[in-house]
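The values are calculated or read from the model by the stated rules, or taken from the named source; none is laboratory data. Everything numeric here is computed off the predicted structure, so don't read it as measured data. Here the Cβ positions follow ideal geometry from the backbone for every residue, glycine too, while neighbour counts run over all protein chains shown.
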Amino acid sequence: MRTVTRRELLSGAAKGGLALSAGGLIAACGGSSKTTSSHPLPSATKPRHGGTLTIGLTGGSSSDTLDPNSPVNNTDYARVANLYDALVWQDANARPYLRVAEEMTPNKDATTWTIRLRKGVLFHDGREATADDLIFSIKRVVNPKAPGEAANALHGIDTGGIRKLDRYTISVPFSHPYSTFFLSLANNITIYLVPVGFDPKRPIGTGPFKLVSFTPGQRSVFARWEHYWDQPLPYVDQLVMVDYSDESSQVNALLAGQVDCVNLLSQDVIGSVTSSGKKIVVSDGGGWNPFTMRVDQPPFDDVRVRQAFRLIVDRPKMMEIVFGGHGTIGNDIFAIWDSAYDHGIPQRQQDIEQAKHLLKAAGREGLTVQLVTADIAQGVVNMAQVFAQQAALAGVKVNLRKVTVTDFYGPNYLKWVFAQDYWYYQPYLPQVQQATLPTAPFNETHFDNPRYNALYQQALSTLDEAKRTEIAHEMQMIDYTEGGYIIPFFPPVIDGYGANVQGVVRSKVGSSFNDWDFRSMWLT
Amino acid sequence: MSVLTARMGAVRLRGFGRRHPLVRLVVMRACLGVVTLWLVSVVIFAATQALPGNAAYAVLGHTATPQRLQAVEAELHLNRPVVSQYESWIGGVLRGDFGSSLANGESVAALIGPRVVNSAVLVVVSGVIGTLIAGALGVLAAARRDSWFDHVASVVALGVTALPEFVVAIALVILFSVLVLHALPAVSAIPPGSEPWQNLKELVLPVATLAIVIAPYIFRMARGAMVEAMESDYVEMARLKGLTRRRVLLLHAFPNAIPPVVQVVGLNLLYLAGGIVVVEYVFNYPGVGAALVDAVSNRDIPVIQFVVLVLTAFYVFVNIITDVVALLASPRRRTAG
C-alpha cells in the first residue's frame with residue numbers, strides 16, 4: 001500500500017522551502033531526544049469554546065468499533081478515549097493519575113482494592129455514575145464469554161467477591177496480592193466507565209464527547225457533552241474523526257485545510273507540512289517497536305546469539321535513517337518513562353567485534369536467519385531493512401520476509417521465531433505481565449526465567465514503592481542480559497495540525513495527541 | 001399445459017427469436033451472465049477461505065488471545081464447515097439478504113450500497129466526459145490529419161498513456177489544491193449519508209483524473225477509426241458526388257467509426273471499475289475499491305462476495321451493452337447470421 005514514489009513526489013515538489021523551515025522547526029523542538037519534559041507548545045490565546053475539530057486518522061478499517069472492551073486500531077482508541085472516561089489515565093509525562101476514580105487504595109497485603117468514584121459524574125443520558133455502574137463495567141471486561149482487552153489487567157479478580165461499600169465506593173478482591181493494579185490500568189487498555197445495561201450499538205459513556213453518528217471505516221461525529229464533570233472541558237463543540245487509508249491523502253487534506261489534525265506521520269512529510277504553514281509536533285513517545293527473538297527456538301535459544309544480535313545494532317544510525325534522528329535511544333528494556341526504569345544500566349552500543357566473537361563461541365558463524373516484518377506501525381519495515389544491512393557486517397545474513405498486517409497477526413502471531421511488533425507505552429511491571437512472563441498473553445519471545453518470575457511475584461506483594469523499584473531494577477538487569485527483545489529506540493510520535501489548533505502538547509505516552517486528548521484542545 | 005400448447009409456445013418463442021436477433025442475444029448473454037456470477041461467487045469464496053487467518057484474527061488484530069479468538073469466531077459462526085457457510089450465504093442472497101459484515105456487524109447492503117453508488121457515479125461521469133472529449137478530439141484530429149494539431153494531440157496522448165494513475169492524480173492535486181492554486185479540495189471524503197451529486201466540488205479532481213487516464217485510448221481509437229472510414233470507398237463516392245466536407249464527416253464517416261470506438265469505451269469502463277481503487281486512495285473517496293481492499297484485509301466474506309458480485313454484474317452488463325450498441329450502429333452485422 002505505501003509506495004515511496006508517491007511521498008517523494010509530493011515532498012519533492014515542496015523541497016524548495018523545506019530545508020530552512022524544517023531545520024528551524026526541528027531546532028525549535030529542541031532536538032527531541034534530549035528533551036525530557038513536555039511543555040505545551042506556545043499558544044497565542046486563552047482557551048475559548050466553540051468550533052468543529054476535524055481529525056484525519058490512518059489505521060482505521062471497516063472493523064472500527066466504539067466498544068471500550070475491544071479497541072484495536074488507532075481510530076478505535078481515539079474514539080474510545082473521547083466517548084468514555086477511564087478510572088486511571090496518564091498525563092503528558094506518562095505519570096498515572098486518577099481520572100474518573102477519586103481514590104484507589106489497596107489493603108495491607110494488596111489483595112483487596114477499594115475504588116471510589118468521583119461524585120457528580122454524569123453519563124450522556126444525564127444519569128449519575130455510581131458504584132453499580134462501576135461494578136457493571138468491571139464485570140463486562142472480565143466476562144468469560146466475551147472478555148475485553150483489559151481482562152488481563154484484572155487477572156485474579158474475584159468478581160463474586162466485589163462489595164458495594166456505599167453509593168460511590170466498591171471493594172475489589174483478588175486471589176493474589178496485586179500491588180501494581182493501579183499501575184496496570186495506566187494506559188489505554190483499561191477499565192472505561194460504562195452504565196449498567198450498556199449497549200455497544202447505542203453507546204453512552206461519561207466522556208467529554210457524546211456520539212452523534214458512526215460509520216465504520218469512514219467517519220464518526222461527536223458533540224460536546226455540556227455536563228462533562230471536568231469543566232470547562234471540552235472546548236470544541238464538535239469532533240469529527242475521518243478515516244484515511246493513506247498518508248498522502250491525509251497530508252493533502254491537512255494542507256488543503258480540510259482537516260485540522262492528522263496522526264502518526266512519517267518523518268518524510270515534516271518538510272512539506274511545515275513549509276505550507278501547518279505545524280508538526282514531535283513527541284518522545286514511550287511506545288516501542290522491538291525485534292522479537294524466541295528464546296526457546298534455535299538459534300536464539302543460546303543467550304550468546306541473542307546478545308550478539310543486540311550488539312549488531314547501531315542504534316543512533318538506525319534512528320537517524322528511519323526517523324531522521326527523532327526518538328529516544330533504547331537499551332533493550334521497555335517502559336523508559338517509568339520512574340522504576342533503571343537509567344543506570346550502561347547504554348549498549350554497536351560492537352561488531354564482540355558480536356562476531358559471541359557468535360563464534362556459540363558455533364553460529366555465518367548465521368542465516370529470516371526476519372518477519374509487516375507494515376504494522378510507522379517505520380517498522382524500514383527498521384528491518386536497516387537491521388539486515390547492519391547484520392551483514394557481523395557475517396549474519398538476514399532474509400526479510402514481508403507479510404501483510406493481517407497475516408502477521410494471523411495464526412502465526414506470537415509464534416514467529418524472529419520478527420517485530422509494536423507496543424503502546426505501559427509502566428514496567430504491567431508491561432512485564434503482558435509480555436515477558438510464561439503466563440503473559442503476548443509472550444512473543446517465549447521468555448521463562450525462573451528468577452525473573454519469582455521477582456515478579458515478589459513485586460506484586462510489595463506495596464512500598466522504593467522496594468518495588470529495587471526489584472524492578474533487578475528484573476531489568478535480567479531483561480538486559482538475557483531477554484529476547486532488541487529495542488534499538490523508542491520511536492517518535494509525529495502529528496500534524498493546523499495553525500488554528502491550540503492546546504497541542506508534546507507527550508511521552510506514545511500515542512498521538514497525548515492519548516487523543518482532544519478535550520483539552522481549542523480553535524482560534 | 002398440454003404437450004401441444006407447449007410445443008406451440010416453443011415454436012413461437014423460436015420464431016420471435018429469429019425475428020428479433022438482438023433480443024435473443026441480450027437474453028442469452030444475460031443467462032450466461034447469471035451463470036458467470038454464480039461461478040465467480042464460488043471461486044472467490046474458496047479463495048478467501050484459502051487465505052491464512054479469518055475475520056476473527058482480523059477484527060482482534062494484535063490484541064488477539066486464544067480465548068478472545070474463540071469467542072469472536074463463535075459469534076461470527078466461523079467455526080461451521082465451509083460448505084454450510086457458503087450455502088447459508090447464497091440462500092440469503094437469493095432472498096435478497098446479503099448478510100452482515102463480519103468486521104462490524106452492519107448490514108452489507110446498507111454499508112456498501114452507498115459506496116457502490118459513489119463509485120458508479122465516478123465511473124459513469126468520468127466515462128462520459130472522457131469519451132465525449134477524447135472522441136471529439138479524435139474526430140478532429142482525423143479530420144485535420146497530419147496537421148500540427150494532429151501531431152501534437154497524438155504525442156500528448158501517447159505521453160499520457162505512459163503516466164500511472166496516481167501520478168496524474170497527485171499532479172492535479174498539486175496544481176489545483178495544494179501548491180499552485182487552492183481552488184479545489186485535495187481530498188473527496190464525502191460524508192456518509194451525503195450523495196456524490198451533492199458534493200460536486202469534491203468530484204472534480206477524481207473525475208478529471210479518471211477522464212485523463214482513459215482519454216488517450218479513446219482518442220487514438222476514434223482517430224484511427226475515423227481515418228479508416230474516411231479512406232473507404234463510400235466516403236470517396238460521397239465526396240466525388242460533391243457533398244460538403246462536414247456532411248461527409250458527420251453523416252457518412254462517423255457512424256461507421258462508432259463500433260470500434262464503442263468497444264474501446266466499453267473496455268475502458270471495465271478498466272475504470274477496477275482501476276478506480278487508486279483514485280479512491282489518493283482522494284480518500286468512499287468508493288467500492290477501497291471497501292474491497294479493506295474487506296480482503298479483514299477476511300470479511302459477506303462484503304467481499306457482495307462487491308465481487310456487483311463488479312461482475314457490471315462487467316457482464318457493459319459487455320452486453322457494448323455489443324448491442326455496436327450491432328445497432330452497423331446495420332450490416334445485424335442481418336448477418
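Determine which single condition B:Leu272 fails, assuming it passes every other condition in (1) within 14 Å of chain A (Cβ to nearest Cβ); (2) within 30 Å of B:Val168 (Cα to Cα); (3) in contact (Cβ under 8 Å) with a residue 40 or more places away in the chain.
Single failed check for B:Leu272: (1).
Out of B:Phe45, B:Phe98, I need the residue that is in a loop (DSSP other than H, G, I, E, B) and touching a residue at least 60 places away in the same chain (Cβ under 8 Å). Which one?
B:Phe98
Which numbered condition trips up A:Ser249, out of (1) more than 14 Å from every other protein chain (Cβ to nearest Cβ); (2) farther than 30 Å from A:Glu482 by Cα; (3) assigned to a helix (DSSP H, G or I); (4) of a type in the set (S, T, N, Q)?
All conditions are met except number (1).
In segment A:148-183, what count of residues is obtained for those that are out of contact with any strand residue (DSSP E or B) (no Cβ under 9 Å at 6 or more places or on another chain) and within 23 Å of A:Arg95 (Cβ to Cβ)?
4
In this structure, is A:Val372 out of contact with any Gly (no Cβ under 6 Å at 6 or more places or on another chain) and either within 14 Å of chain B (Cβ to nearest Cβ) or without any contact (Cβ under 8 Å) to a residue 12 or more places away in the chain (or both)? Steps first, answer last, please.
Working: out of contact with any Gly (no Cβ under 6 Å at 6 or more places or on another chain): yes; either within 14 Å of chain B (Cβ to nearest Cβ) or without any contact (Cβ under 8 Å) to a residue 12 or more places away in the chain (or both): yes.
So A:Val372 passes the test.
Which one of the conditions (1) touching a residue at least 60 places away in the same chain (Cβ under 8 Å); (2) not acidic (Asp, Glu); (3) not in a strand (DSSP E or B) does A:Ala419 fail to meet, given that it meets all the rest?
It is condition (3) that A:Ala419 fails.
Looking at segment B:35-50, is at least one residue within 14 Å of chain A (Cβ to nearest Cβ) and touching a helix residue (DSSP H, G or I) at 6+ places or on another chain (Cβ under 8 Å)? Walk me through it before giving the result.
So in segment B:35-50, the residues within 14 Å of chain A (Cβ to nearest Cβ) come out as B:48-50.
Restricting the remaining residues to those that are touching a helix residue (DSSP H, G or I) at 6+ places or on another chain (Cβ under 8 Å) gives B:48-49.
Taking every residue of segment B:35-50 in turn, at least one turns out to be within 14 Å of chain A (Cβ to nearest Cβ) and touching a helix residue (DSSP H, G or I) at 6+ places or on another chain (Cβ under 8 Å).
Here's the yes/no breakdown for (1) within 30 Å of B:Glu75 (Cβ to Cβ); (2) at pLDDT below 80; (3) out of contact with any Lys or Arg (no Cβ under 9 Å at 6 or more places or on another chain):
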site	(1), (2), (3)
B:Val11	no, yes, yes
B:Val27	no, no, yes
B:Val35	no, no, yes
B:Ile44	yes, no, yes
B:Ala47	yes, no, yes
B:Ala55	yes, no, no
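Would you tally the residues in segment B:189-206 being more than 17 Å from B:Ala290 (Cβ to Cβ) and not in a loop (DSSP other than H, G, I, E, B)?
Adding up the residues that qualify gives 5.
Among A:Tyr480, A:Tyr425, which is the only one that is out of contact with any Pro (no Cβ under 6 Å at 6 or more places or on another chain), among the aromatic types (Phe, Trp, Tyr), buried (at least 24 other Cβ atoms within 10 Å of the Cβ) and in contact (Cβ under 8 Å) with a residue 40 or more places away in the chain?
The unique qualifying residue is A:Tyr425.
When you scan segment B:281-308, how many residues do you find that are crowded, with 24+ Cβ neighbours inside 10 Å and within 8 Å of chain A (Cβ to nearest Cβ)?
11
So which residues in segment B:51-65 are more than 7 Å from chain A (Cβ to nearest Cβ) and in a helix (DSSP H, G or I), if there are any at all? Don't jump to the end; show me each part of the working.
Narrowing segment B:51-65 to residues more than 7 Å from chain A (Cβ to nearest Cβ): B:51, B:54-56.
Matches in segment B:51-65: B:Ala55, B:Ala56.
Given the criteria within 20 Å of A:Asn74 (Cβ to Cβ), more than 11 Å from chain B (Cβ to nearest Cβ) and among the aliphatic types (A, V, I, L, M), does A:Leu264 qualify?
Criteria met by A:Leu264.
For segment A:121-128, indicate whether the set of residues that are within 17 Å of A:Ser511 (Cβ to Cβ) and out of contact with any Cys (no Cβ under 6 Å at 6 or more places or on another chain) is non-empty.
Of the residues in segment A:121-128, the ones within 17 Å of A:Ser511 (Cβ to Cβ) are none.
No, segment A:121-128 contains no residue that is within 17 Å of A:Ser511 (Cβ to Cβ) and out of contact with any Cys (no Cβ under 6 Å at 6 or more places or on another chain).
State yes or no: is A:Gly148 exposed (fewer than 15 other Cβ atoms within 10 Å of the Cβ) and either farther than 30 Å from A:Arg506 by Cα or within 14 Å of chain B (Cβ to nearest Cβ) (or both)? It would help to see each step written out before you state the result.
On the way: exposed (fewer than 15 other Cβ atoms within 10 Å of the Cβ): no; either farther than 30 Å from A:Arg506 by Cα or within 14 Å of chain B (Cβ to nearest Cβ) (or both): yes.
So A:Gly148 fails the test.
Which condition does A:Gly366 not pass, out of (1) surrounded by 17 or more Cβ atoms within 10 Å (Cβ to Cβ); (2) over 27 Å from the mean Cα position of the chain (by Cα), if it passes all the others?
(1)
So how many residues does segment A:171-186 have that are within 30 Å of A:Phe222 (Cα to Cα) and either β-branched (Val, Ile, Thr) or out of contact with any helix residue (DSSP H, G or I) (no Cβ under 7 Å at 6 or more places or on another chain) (or both)?
Result for segment A:171-186: 2.
Which strands (runs of 3 or more DSSP E) sit wholly inside segment A:51-141 and have at least 1 residues that are touching a residue at least 40 places away in the same chain (Cβ under 8 Å) and within 20 Å of the chain's Cα centre (by Cα)? Reasoning before the result, please.
Working: elements: A:52-58, A:88-90, A:96-98, A:101-106, A:112-117.
Filter on segment A:51-141 gives A:52-58, A:88-90, A:96-98.
B:Val282 - would you say it is farther than 24 Å from B:Val27 by Cα and in a helix (DSSP H, G or I)?
yes
Restricting attention to segment A:424-459, and to residues there that are within 13 Å of chain B (Cβ to nearest Cβ) and of a type in the set (Ser, Thr, Tyr), which single residue is farthest from A:Ala78 (Cα to Cα)? Steps first, answer last, please.
Narrowing segment A:424-459 to residues within 13 Å of chain B (Cβ to nearest Cβ): A:424, A:434-435, A:439-444.
This time we only want the ones that are of a type in the set (Ser, Thr, Tyr), so: A:424, A:439.
On the way: A:Tyr424: 13, A:Thr439: 29 Å.
Filtering first and then ranking leaves A:Thr439.
Mind listing just one residue for me: the one in segment B:95-104 that is out of contact with any Asp or Glu (no Cβ under 9 Å at 6 or more places or on another chain) and farther than 13 Å from B:Gln305 by Cβ and, of those, farthest from the other protein chains (Cβ to nearest Cβ)?
Step one: filter segment B:95-104 for residues out of contact with any Asp or Glu (no Cβ under 9 Å at 6 or more places or on another chain), giving B:95-99.
Going one step further and asking which of them are farther than 13 Å from B:Gln305 by Cβ, we end up with B:95-96.
On the way: B:Arg95: 24, B:Gly96: 22 Å.
Checked segment B:95-104; the qualifying residue farthest from the other protein chains (Cβ to nearest Cβ) is B:Arg95.
Given the structure, is A:Leu367 closer than 29 Å to A:Asn263 by Cβ, more than 14 Å from every other protein chain (Cβ to nearest Cβ) and in contact (Cβ under 8 Å) with a residue 24 or more places away in the chain?
So A:Leu367 fails the test.
Evaluate the following for A:Leu463: is it assigned to a loop (DSSP other than H, G, I, E, B), among the hydrophobic types (A, V, I, L, M, F, W, C) and within 14 Å of chain B (Cβ to nearest Cβ)? Steps first, please.
Numbers: assigned to a loop (DSSP other than H, G, I, E, B): yes; among the hydrophobic types (A, V, I, L, M, F, W, C): yes; within 14 Å of chain B (Cβ to nearest Cβ): no.
So A:Leu463 fails the test.
Which numbered condition in (1) assigned to a strand (DSSP E or B); (2) in contact with a Ser or Thr (Cβ under 8 Å, 6 or more places away or on another chain) is the only one that A:Lys210 fails?
Looking at each condition in turn, A:Lys210 falls short on (2).
How many of the residues making up segment A:409-422 are in contact with a helix residue (DSSP H, G or I) (Cβ under 7 Å, 6 or more places away or on another chain), facing chain B (nearest Cβ under 8 Å) and either surrounded by 22 or more Cβ atoms within 10 Å (Cβ to Cβ) or closer than 21 Å to A:Gln385 by Cβ (or both)?
Of the residues in that region, 2 qualify.
If you go through segment A:152-180 one residue at a time, how many are at pLDDT 90 or above and within 22 Å of A:Trp288 (Cα to Cα)?
1
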